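Chemist: Here it is: the structure, laid out below.
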Amino acid sequence: MMTNSRCFFPLLLGTLFFASVPLASHAKSTPPGLRVGAAAVSFVADDSMEIAGSILPGKAMGQEGELRAVAVVLEKAPHPKVAIVACDILMITRDLLDPVVAEIEKTTGIPASHVLINCTHTHHAPSTVKVHGYGRNETFCKEVQKKVLEAVQKADANLAKEKEDCQFHFALGHEDTIGQNSRQMLSDGTIYWTGERGDFVRPTGPFDPELPVFAFRDGSGKLLALMFNHSTHTIGLRAGGKRSPSFYGLAAQELEQDMGGVVSFLEGASGSTHNLFVPSLTAITKMKQSVSETLARAQPREVHRIAAMKRSFTFKVRQFDEAREEAAVTNYCQKRIPTRAEDTARVFRNMRKELGPMQGQECTTWIQAMVIGDVAMVGVPAEFFTKLGLDIKNRSPFRHTYIAELANDWIGYIPDQDAFQLGGYQVWTGFHSYAEPGTGERMVDAVVEMLRELQGGR
């Protein structure tokens with residue numbers, strides 16, 4: 001097992017205990033060849049639970065689609081199995097996930113280093129974090145813990161039923177109409193967050209349109225599991241005011257109904273990208289079309305091995321100037337969102353008050369890299385700026401490398417150095433953004449080194 005060190009934030013303490021789930025059976029020995037198991041389990045939520053994703057807590061009446069934990073377990077003997085899990089929640093911290101990963105290892109034999117738990121970042125699910133003006137719903141957090149474990153156990157049990165003749169099909173598509181760099185320079189030199197933006201000047205960073213599709217089929221060609229990855233904030237409903245997996249998750253569930261198998265979405269490096277223009281109904285349709293067209297081009301790829309590593313990464317809580325932070329928040333809010341300016345400024349003021357004594361404190365989190373044949377997946381524990389995600393892709397020794405942000409932990413936004421110089425909401429200090437400048441670049445370096453080690457282990 002890995003060392004369970006962490007940043008000792010009050011908001012991260014207090015591991016929850018979850019109800020035990022019946023153990024999944026798994027084979028003691030496995031013939032050589034690829035085997036795949038997948039399962040989806042729904043989270044139970046109700047209208048009393050506060051919704052995360054805004055500055056103040058939200059409320060929902062009813063639900064569209066399912067909020068789910070979707071697990072895919074892969075095995076290529078003699079290598080250890082890996083589990084990739086997608087959760088329809090905003091984000092979640094490692095004090096809740098580490099115990100789940102330990103139980104997964106205990107009950108399925110999947111090493112903790114080989115378990116990647118990614119949050120789809122839907123802004124329409126009950127709160128699982130303390131951020132802005134609300135805390136986490138402990139009842140829903142326990143539900144997430146329980147169902148993540150259950151999903152992996154069921155996927156592992158389904159893997160045990162499969163022969164060793166499964167195939168991995170892969171294709172890289174593009175979807176460049178849903179999303180753009182949303183940190184837009186405005187005429188007064190500020191960076192757009194919300195409110196009025198009629199004085200748009202230019203985007204301040206890149207957008208990543210890549211849409212990789214990972215498909216796993218049994219020996220007869222039947223689709224067992226499909227995963228797709230894209231890099232835009234997961235915001236947008238069919239109907240307002242409901243709990244929802246948002247447009248990515250709704251697209252995944254409709255594709256699942258059309259294709260069979262189990263379909264999941266992995267959130268890419270989207271800390272600096274949003275969908276500002278495409279209506280949600282259109283976004284659902286376009287994502288389904290793009291994934292379907294990409295899947296139609298997918299070709300079998302040899303899986304000579306499956307490998308993964310997960311490492312501790314150390315960073316510090318940033319030092320900040322209270323007067324400068326206060327001015328940045330209040331000036332923007334008074335100009336761009338005057339009717340909500342004081343309430344918003346007060347939320348950020350309260351967060352900084354709690355963070356003040358923690359300045360300079362050292363924290364640890366997880367970073368992760370895995371390979372499926374010659375395709376690499378990277379797990380980072382933050383709302384990762386797209387520029388940093390592209391840096392990993394460009395420096396990776398693997399031609400096909402993709403980012404799963406908000407994986408295994410949550411440490412807020414991780415901007416690049418240029419973004420800190422420009423300012424804006426994502427670098428205002430709060431629970432949503434507290435790591436010191438330079439953390440992102442160091443994380444990129446560490447991840448690239450892990451990828452090089454995985455390449456060397458062929």
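The values are calculated or read from the model by the stated rules, or taken from the named source; none is laboratory data. Note that this is a predicted model, so its numbers are computed, not measured. Cβ sites come from the backbone with ideal geometry, for glycine too, and all protein chains shown count toward neighbours. Side chains are part of the model used for accessible areas, which takes the heavy atoms of the whole protein and leaves out ligands, DNA and RNA. Shrake-Rupley method; radii C 1.70, N 1.55, O 1.52, S 1.80 Å.
Chemist: Can you tell which of Leu422, Leu406 is closer than 30 Å to Phe170 by Cα and touching a residue at least 60 places away in the same chain (Cβ under 8 Å)?
Modeler: Residue meeting the stated conditions: Leu406.
Chemist: Right, something else. Would you confirm whether or not the range 316-334 contains a residue that is assigned to a strand (DSSP E or B), in contact with a Lys or Arg (Cβ under 6 Å, 6 or more places away or on another chain) and either open to solvent by less than 20 Å² (accessible area, probe 1.4 Å) or within 19 Å of Leu116 (Cα to Cα) (or both)?
Modeler: no
Chemist: Can you pull out the residues in the range 432-458 that are in contact (Cβ under 8 Å) with a residue 60 or more places away in the chain, part of a helix (DSSP H, G or I) and of a type in the set (D, E, K, R)?
Modeler: Within the range 432-458, Arg442, Glu453 meet the criteria.
Chemist: Among (1) in a loop (DSSP other than H, G, I, E, B); (2) closer than 25 Å to Val375 by Cβ; (3) open to solvent by 30 Å² or more (accessible area, probe 1.4 Å), which single condition is Ala160 missing?
Modeler: Of the numbered conditions (1) in a loop (DSSP other than H, G, I, E, B); (2) closer than 25 Å to Val375 by Cβ; (3) open to solvent by 30 Å² or more (accessible area, probe 1.4 Å), the odd one out for Ala160 is (1).
Chemist: Of everything in the range 59-97, what is outside any strand (DSSP E or B) and under 16 Å from the mean Cα position of the chain (by Cα)? Give them in sequence order.
Modeler: Residues satisfying the conditions are Leu67, Asp88, Ile89, Leu90, Met91, Ile92, Thr93, Arg94, Leu96, Leu97.
Chemist: How do the pairs read when you match residues in the range 169-187 that are under 16 Å from Gly205 (Cα atoms) with residues anywhere that are of a type in the set (Ser, Thr, Tyr) and in a strand (DSSP E or B), using Cβ under 8 Å and keeping only pairs 6 or more apart or on different chains?
Modeler: If the second residue must be of a type in the set (Ser, Thr, Tyr) and in a strand (DSSP E or B), the pairs left are Gly179/Thr273; Gln180/Thr273; Asn181/Thr273; Ser182/Thr273.
Chemist: So Gly109 clears everything in (1) in contact with an Asp or Glu (Cβ under 9 Å, 6 or more places away or on another chain); (2) open to solvent by less than 10 Å² (accessible area, probe 1.4 Å) except one condition, right? Which one?
Modeler: Just one mismatch for Gly109, condition (2).
Chemist: Identify all residues within the range 222-255 that are open to solvent by 20 Å² or more (accessible area, probe 1.4 Å) and free of Cβ contacts under 8 Å to residues at least 40 places away in the same chain; write none if there are none.
Modeler: Across the range 222-255, the qualifying residues are Lys222, Gly240, Glu254.
Chemist: Now for a separate question. Being out of contact with any Asp or Glu (no Cβ under 8 Å at 6 or more places or on another chain) and under 22 Å from Lys154 (Cβ atoms) is the filter; apply it to the range 259-299 and report the residue that is most open to solvent (accessible area, probe 1.4 Å).
Modeler: This residue is Met259.
Chemist: Continuing with the same structure: Restricting to the range 300-310, and then to whatever is surrounded by fewer than 17 Cβ atoms within 10 Å (Cβ to Cβ) and closer than 30 Å to Glu105 by Cβ, can you tell me which residue is nearest to the chain's Cα centre (by Cα)?
Modeler: Out of the qualifying residues, it is Arg305.
Chemist: Now for a different question. Using beta carbons and a limit of 9 Å, which pairs, at least six apart or on different chains, have the first residue in the range 136-156 and more than 18 Å from Thr120 (Cβ to Cβ) and hydroxyl-bearing (Ser, Thr, Tyr) and the second one crowded, with 24+ Cβ neighbours inside 10 Å and at pLDDT 95 or above?
Modeler: Thr139/Pro126
Chemist: Something else about it: Residue by residue through the range 367-399, note down the ones that are open to solvent by 20 Å² or more (accessible area, probe 1.4 Å) and charged (D, E, K, R).
Modeler: Once the filter is applied, which keeps residues that are open to solvent by 20 Å² or more (accessible area, probe 1.4 Å) and charged (D, E, K, R), the range 367-399 yields Asp374, Lys387, Asp391, Lys393, Arg395, Arg399.
Chemist: Shifting gears a bit: Kindly indicate which of Thr429, Thr364 is crowded, with 24+ Cβ neighbours inside 10 Å, in contact (Cβ under 8 Å) with a residue 12 or more places away in the chain and of a type outside the set (A, V, I, L, M).
Modeler: Checking each option against the conditions leaves just Thr429.
Chemist: Here are Arg340, Arg352: which of them is touching a Ser or Thr at 6+ places or on another chain (Cβ under 7 Å) and either modelled with pLDDT of 95 or more or part of a strand (DSSP E or B) (or both)?
Modeler: After ruling out the rest, the residue left standing is Arg352.
Chemist: Could I ask something else about it? Out of Gly179, Gly173, I need the residue that is modelled with pLDDT of 95 or more and closer than 30 Å to Leu422 by Cα. Which one?
Modeler: The unique qualifying residue is Gly179.
Chemist: Looking at the structure I just gave you, is Ser433 within 17 Å of Ala328 (Cβ to Cβ) and not basic (Lys, Arg)?
Modeler: Yes, satisfied.
Chemist: Looking at Gly219 and the list (1) open to solvent by 10 Å² or more (accessible area, probe 1.4 Å); (2) of a type in the set (Gly, Ala, Ser); (3) more than 30 Å from Gln417 (Cα to Cα); (4) out of contact with any Asp or Glu (no Cβ under 6 Å at 6 or more places or on another chain), which single condition is not satisfied?
Modeler: Evaluating Gly219 over (1) open to solvent by 10 Å² or more (accessible area, probe 1.4 Å); (2) of a type in the set (Gly, Ala, Ser); (3) more than 30 Å from Gln417 (Cα to Cα); (4) out of contact with any Asp or Glu (no Cβ under 6 Å at 6 or more places or on another chain) leaves (4) as the failure.
Chemist: Just to be sure I understand, how many residues within the range 182-240 are in contact with a Gly (Cβ under 9 Å, 6 or more places away or on another chain), under 30 Å from Arg399 (Cα atoms) and not in a loop (DSSP other than H, G, I, E, B)?
Modeler: 14
Chemist: Within the range 52-73, restricting attention to residues that are touching an Asp or Glu at 6+ places or on another chain (Cβ under 8 Å) and open to solvent by 30 Å² or more (accessible area, probe 1.4 Å), which residue is nearest to His132 (Cα to Cα)?
Modeler: So, considering only residues that are touching an Asp or Glu at 6+ places or on another chain (Cβ under 8 Å) and open to solvent by 30 Å² or more (accessible area, probe 1.4 Å), the one nearest to His132 (Cα to Cα) is Leu56.
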